[in-house]
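Contents: one structure, followed by commentary.
The values are calculated or read from the model by the stated rules, or taken from the named source; none is laboratory data. Keep in mind the model is a prediction, meaning the values are calculated, not measured. Cβ atoms come from the backbone with ideal geometry, glycine included; neighbour counts cover every protein chain shown. For accessibility, only protein heavy atoms count, side chains too; no ligands or nucleic acids. Shrake-Rupley method; radii C 1.70, N 1.55, O 1.52, S 1.80 Å.
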Amino acid sequence: MVRLREFSVRYPDFLLEPLDLEFKSSERVAIVGANGAGKSTTLKAIAGRSRHYEGTVEIGGREVRSCLPGIRTEIGFLPERLLGFGWMSVAEHLDFLSNFFPTWDDGYARTLLRRLDLPSSSKVGTLSKGMAVKLSLVAAEAHRPPILILDEPTSGIDPLMRGELLAVINDAASTGRDRLVLFSSHILEDVEQIADRIVMLRKGKLVGDTTVTALRSRDPEAPLSRLLYSALSSDEHTSHP
Amino acid sequence: MNTRHIRSLLGVEFRRNKKNLLVALCIAVVGTLVLQVVGRASTGTTIWLLFVAAASVAMGVPMNIIKDKVTGQMEFTTTLPVPSGTLVFAAFVSIALGAFPLAALAAGAINWMVLPAVGANGGVGWLLAAFLTVWPLASAAMCLGCSALIRFDVNKLAFAPAAFLIVLLVVDDFFEQWVRAWLPTAVEFLANSGSAWVLGAVAALSVPVVMLAVASFLARQGFERYRPKPAAIDW
């Protein structure tokens, strides 16, 4: 469904080395790594939010850059920081967005707002970090996109809110068997809860691509977060068994 | 172009400029009242006041563009699933609507102040002609300015208003003399020749068309290439 071929990004102070990856629909993939590993850069390119890369990013066989901006209607994207007009209320923000996504489901958006306990009258610019992430999640999910991309959805959020968000993300990932969920995180416990496949990046380099099952089989007694940590910090490349 | 997208984008611009409209209305009403009370009300001061009010409406969209670029929020509109042409169209229509009061005032000033000053009698035809010349020209010039704001780094354009003011100060006298010398001839020429109107209309139309074409090209590029700076202010 999503294929990266020789995908690389070069900034003056950062280099993401060429990546060749393929993600199938129905997969839940976590892209993990420390800050500056290249997670957001990769996700932004897949989400059609960046044209500045070498190689190709294909969705359903089509290069993303050649299908912009229309292809964005097929992707739900939760960015690192909430995008929107601060003077709009939550309801107005979602109403504005609904005009641009043909498959937008108002009822579903309202359900998600209720479930995440997000007041629709609050001004977007006054939302706390956690509330802003919740709104971004509703905006990304309300049009039921076949590809859901979440960039650091739980970073900097209190444990209670994190739990609520993870529950919604898990449910969203479960609806529709052909749905691809890609998310980045450096909170390894989140990965344990959502992902079935893990892509590991370190300083712009792919250092691992494995399934949760394969990683668990290394030491069934150990928590996944510890296995992940050792895989990330090891010099060996971790791949599918 | 999808009319629903354009309606939504125009709706946002209208709502963002509502405060500007109210401020302009307050300037016009309160200012006129104050001038009346202090006994300083004259045609000149009233027109000046109305110009300030109309200019504050016209500046709404450019100010929003600067704000969006500085705060990094332009990323919101540029990542919507709409072609950059739609964003440009909505922005330019907003600019043209914002420039409407300013153009109407300028046309009135030309008809009732400038033309009599050069010995010509204004009228409805002249008023309309002045408006149809000034509105597209002012709108196109503002679109061009805004497209530069969209395409280029705002910090690098900070010198532009200062440079414009310096140029204005330097060429002010020269410009006034030139207009005084040229305008009566042009008015007489237009008044006495039927084909001159066609020529004038073509000239008046072609300049804004060229300006709009350049503005559209720059703004599209600007929207497509926009990348928020990491240092963009977060609200």
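Below is a table of values for the structure above.
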quantity: Highest-fluctuation residue, B:Gly98, B:Gly60, B:Gly72 considered, GNM on chain B with Cα pairs under 10 Å; calculated: B:Gly72
quantity: The range A:51-69 and the range A:171-217: distance between their alpha carbon centers, rounded to Å; calculated: 22 Å
quantity: Shielding score for A:79-89, defined as the mean number of other chain Cβ atoms within 10 Å; calculated: 4
quantity: Pairwise Lys count, chain B - Cα closer than 19 Å, eight or more residues apart or different chains; calculated: 7
quantity: Helix-only mean residue ellipticity at 222 nm for chain A, each DSSP H run of n ≥ 4 adding -39500 (n - 2.57), per residue, nearest 500; calculated: -9500 deg cm²/dmol
quantity: Ranked packing of A:79-89, A:40-50, A:57-67, most packed first, by mean Cβ within 10 Å; calculated: A:40-50, A:79-89, A:57-67
quantity: Cβ-derived FRET efficiency at R0 45 Å, A:Ala91 paired with A:Thr213, nearest 0.05; calculated: 0.60
quantity: Alpha carbon convex hull of the range B:3-225, projected area averaged over orientations, nm²; calculated: 14.4 nm²
quantity: For residues of A:93-102, the mean tally of beta carbons on other chains within 10 Å; calculated: 4
quantity: Share of pairwise Cα separations in the protein assembly as shown, more than 41 Å, in percent; calculated: 34 percent
quantity: Accessible area of the protein assembly as shown belonging to carbon and sulfur atoms, whole % at 1.4 Å probe; calculated: 63 percent
quantity: Expected 222 nm ellipticity per residue - DSSP helices of 4 or more, -39500 (n - 2.57), all of chain B, to 500; calculated: -28000 deg cm²/dmol
quantity: Relative pair counts by distance (%), Cα atoms of the range A:57-110, 10 Å bins; calculated: 19, 44, 29, 7
quantity: Peptide B:6-16, shielding by other chains (average Cβ, 10 Å cutoff); calculated: 2
quantity: Segments A:182-192, B:190-200 sorted - mean Cβ within 10 Å per residue, highest first; calculated: A:182-192, B:190-200
quantity: Equivalent ellipsoid semi-axes - Cα gyration tensor, the range A:2-194, angstrom; calculated: 26, 18, 17
quantity: Acute angle (nearest 10 degrees) that the helix B:194-225 long axis makes with the longest principal axis of chain B, alpha-carbon atoms; calculated: 20 degrees
quantity: 11 Å tail of the calculated P(r), the range B:167-211, as % of Cα pairs; calculated: 71 percent
quantity: Alpha carbon centroid spacing (whole Å) that separates the range A:112-155 from the range B:46-121; calculated: 35 Å
